[in-house]
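Read the structure below first, then the notes.
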Amino acid sequence: MAGTTSQVKFDAPATLHEWPSLKNERRDDSLPYLVGEGTLDDCIRKLMAKPKSALHLYEIHTAPQPGLVTEILSAAHVAELARLRDYLRLPRQKARGEDTRDDCSLMRTLGRRAVRPSVADSARASKGCPP
């Protein structure tokens with residue numbers, strides 16, 4: 001829909017859950033258990049700090065937010081939200097005069113992983129980051 005924007009409330013309450021596993025595979029005969037709670041932002045940070053090989057064992061539970069956030073977020077969905085969060089944080093930091101070199105570096109890294117790197121390149125340029 002043209003002209004509409006989705007906003008994610010990263011300060012919404014959330015919980016981080018881990019599925020019991022056997023040989024790094026989810027066990028479907030049991031339910032995930034609570035390993036952390038806080039805001040959506042806190043849970044995203046906790047999940048992204050886990051070893052990459054175990055990310056599929058984790059999920060975040062939160063109140064659904066129309067457009068981007070479902071009630072249960074898989075690790076893949078969380079990775080996309082983390083990228084969005086970091087991308088949205090950059091303009092606020094620049095407006096406050098904070099050092100954004102690390103964020104520009106992050107955007108450069110994300111651009112290399114993007115499906116369409118040219119879009120990431122133009123987004124970086126619009127935020128004042130060097131190529």
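Values for this structure:
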{"read-out": "In region 14-53, the residues that are in a strand (DSSP E or B) and closer than 19 Å to residue 89 by Cα", "value": "39"}
{"read-out": "Members of region 50-81 found to be at pLDDT 90 or above and at positive phi, listed by number", "value": "none"}
{"read-out": "Whichever residue in region 85-97 is modelled with pLDDT of 60 or more and over 19 Å from residue 50 (Cα atoms) and, among such residues, is surrounded by the most Cβ atoms within 10 Å (Cβ to Cβ)", "value": "90"}
{"read-out": "Tally of residues being among the small types (Gly, Ala, Ser), surrounded by 12 or more Cβ atoms within 10 Å (Cβ to Cβ) and either out of contact with any Ser or Thr (no Cβ under 9 Å at 6 or more places or on another chain) or under 17 Å from residue 9 (Cβ atoms) (or both) across region 29-62", "value": "1"}
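The values are calculated or read from the model by the stated rules, or taken from the named source; none is laboratory data. Nothing here was measured: the structure is a model prediction, and the numbers come from that model. No Cβ is skipped: glycine too gets one built from the backbone with ideal geometry, and neighbour counts run over all protein chains shown.
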